[in-house]
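Take a look at the structure below.
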Amino acid sequence: MTEESTAFVPGHVTGFFSAHPDDDPSAAGSRGAGITLSHGVDVRVRRGRDRSVRLNGVPVDLEAVDTVLGALSAEDAVVNAETPLPLGAGFGVSGASALATAYAVNAVYDTQRTENELVGIAHRAEVEAGTGLGDVVAQARGGLPIRLDPGGPAHGRLDGVPASPRVEYVTFGSVSTETVLSGDTRALTAAGERALSALRAEPTPSRFLALSRRFAREADLLTDRVGDAITEVREAGGDAAMAMLGDTVFAFGNDLSAAGYDPTVCSVHAAGATLHPTE
């Protein structure tokens, strides 16, 4: 047991996915592929008098984090999350916050849970909140994860694209994940299944990017600003795609820079979720 603990969970950009709801939130989830980022969420947890959650110093209501705290009986936890990533723009900030909170609470409150148990708690919380279906399991793995099965660790298999490209991204705004996931997901699920099959046949970063670009159009999720950016990148000889679900465009190498954009730059985070060592 320790008085304070900090955990880091990478951001996660989903390129394409298929939605698989289930009455059991632990079994619900998505299949698809994405990128975990060196830009992520650091969460520091300590005991306090009353529960509080802050994101970049500002009090916030993150339902998935609150659910994790309840599941681990950390009713008096003080949670401070820090991230350079925008909320609601397709970077999995809610899932990363929930998973990092689970890791840090486990250390401070000595709940004696395994990693898979903590990932399962955070995944279930994210699904129940309606803010994501597959971010948590991908963020726990790291790299360029391929989600072969929906659900938490007890239900889903994971694989990955063996690469670590430079990542560029530009964010124009947010897209409501809850609105998309609560609507008719049959078209996007069919498009996501086609993309997953194609990526498994050719698991490379360039193929992932091309399939992600095609998925956004086939699933009718492409925003105007991201669509314009993708066109400009392709005209400059590169490729780009839309982050699911956010008004965000991402690319590998320097493809956004070469098209005249001033992107944020990061790398792939290979390690997944990590608990910082205590002093």
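The values are calculated or read from the model by the stated rules, or taken from the named source; none is laboratory data. These figures come from a predicted structure and were not determined experimentally. Cβ atoms come from the backbone with ideal geometry, glycine included; neighbour counts cover every protein chain shown. For accessibility, only protein heavy atoms count, side chains too; no ligands or nucleic acids. Shrake-Rupley method; radii C 1.70, N 1.55, O 1.52, S 1.80 Å.
Scanning the stretch 121-136 for residues that are assigned to a helix (DSSP H, G or I) and either open to solvent by less than 10 Å² (accessible area, probe 1.4 Å) or charged (D, E, K, R) (or both) gives 122, 123, 124, 125, 126, 128, 135, 136.
In the stretch 247-279, which residue that is open to solvent by 20 Å² or more (accessible area, probe 1.4 Å), of a type outside the set (Gly, Ala, Ser) and under 18 Å from the mean Cα position of the chain (by Cα) is farthest from residue 165 (Cα to Cα)? Top of the filtered list is 275. Could you grab me the full set of residues in the stretch 143-201 that are open to solvent by less than 50 Å² (accessible area, probe 1.4 Å), modelled with pLDDT of 90 or more and part of a loop (DSSP other than H, G, I, E, B)? Hits for the stretch 143-201 are 143, 148, 149, 150, 151, 152, 153, 163, 165.
I'd like the full set of residues that are of a type outside the set (Val, Ile, Thr) and over 23 Å from residue 120 (Cβ atoms), limited to the stretch 62-90. So that I can check it myself, show each step before the final result.
Quick first cut of the stretch 62-90, residues of a type outside the set (Val, Ile, Thr) only: 62-64, 66, 69-77, 80-82, 84-90.
Residues satisfying the conditions are 76, 80, 82, 84, 85, 86, 87, 88, 89, 90.
Contact annotation: residue pairs with Cβ atoms under 7 Å, 6 or more positions apart or on different chains, pairing a residue in the stretch 117-132 that is under 13 Å from residue 19 (Cβ atoms) with a partner that is charged (D, E, K, R) and open to solvent by 20 Å² or more (accessible area, probe 1.4 Å), are 130/178.
Looking across the stretch 92-130, the residues that are touching a Pro at 6+ places or on another chain (Cβ under 6 Å) and under 16 Å from residue 272 (Cβ atoms) come down to 116, 119, 120. If you check 139, 112 for being surrounded by fewer than 16 Cβ atoms within 10 Å (Cβ to Cβ) and at pLDDT 95 or above, only one passes: 112.
For every residue, the table says whether it meets (1) touching a Lys or Arg at 6+ places or on another chain (Cβ under 8 Å); (2) in a loop (DSSP other than H, G, I, E, B).
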site	(1), (2)
14	no, no
18	yes, no
23	no, yes
32	yes, no
37	no, no
41	no, no
73	no, yes
86	no, yes
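Any residue in the stretch 169-186 that's without any contact (Cβ under 8 Å) to a residue 60 or more places away in the chain: show its pairings with residues that are not in a strand (DSSP E or B) at Cβ separation under 6 Å, as long as the two are six or more apart or on different chains. Pairs that qualify, where the first residue is without any contact (Cβ under 8 Å) to a residue 60 or more places away in the chain and the partner is not in a strand (DSSP E or B), are 178/130. Screening residue 118 on (1) in a helix (DSSP H, G or I); (2) surrounded by fewer than 18 Cβ atoms within 10 Å (Cβ to Cβ) shows it passes everything except condition (2).
Residues are listed down the side, and each one gets a yes or a no for (1) β-branched (Val, Ile, Thr); (2) free of Cβ contacts under 8 Å to residues at least 12 places away in the same chain:
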site	(1), (2)
214	no, no
217	no, yes
222	no, no
230	yes, no
233	yes, no
241	no, no
252	no, no
256	no, no
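The residue of the stretch 1-12 that is nearest to residue 267 (Cα to Cα), among those that are β-branched (Val, Ile, Thr) and assigned to a strand (DSSP E or B), is 9.
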